[in-house]
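The next block holds one structure in the form of structure tokens; read it before the comments.
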């Protein structure tokens, strides 16, 4: 079973959303998922996640907020 942690970083001024997301990822269990709720699409975060080897999916939800689901990449 995957443990999901939700953080809401809507309307925080940069770089606070990024910092909070990185802090949450540091304590994410190996099989966990971080669910981020934000008011816009954070493209620099996506580039960082790719460089650091995280898997993620994202999109706007029906309430109009941007959802990001981040997990650790599985070892080959």
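Using just the helices of the chain, give the 222 nm mean residue ellipticity in deg cm²/dmol: DSSP H runs with n ≥ 4 each add -39,500 (n - 2.57), and the total is spread over all residues, rounded to 500.
Details: 2 runs with 21 residues, N = 76.
Mean residue ellipticity at 222 nm (helix-derived): -8000 deg cm²/dmol.
Give the peptides 13-21, 63-71 in descending order of average Cβ contacts within 10 Å, highest first. Working shown, then result.
Values: 13-21: 13.3, 63-71: 15.1.
Result, highest mean first: 63-71, 13-21.
Once the Cα gyration tensor of the chain is found, what semi-axes does its equivalent ellipsoid get, as square roots of 5 times the eigenvalues, in whole Å, sorted largest first?
Details: eigenvalues 74, 38, 29 Å².
Each semi-axis is √(5λ); the values are 19, 14, 12 Å.
All of the numbers you see were taken from the coordinates with simple rules; none came from a lab. Note that the structure is predicted; figures quoted are calculated from it, not measured. Neighbour counts are summed over all protein chains in view; Cβ atoms, including those assigned to glycine, are modelled from backbone coordinates with ideal geometry.
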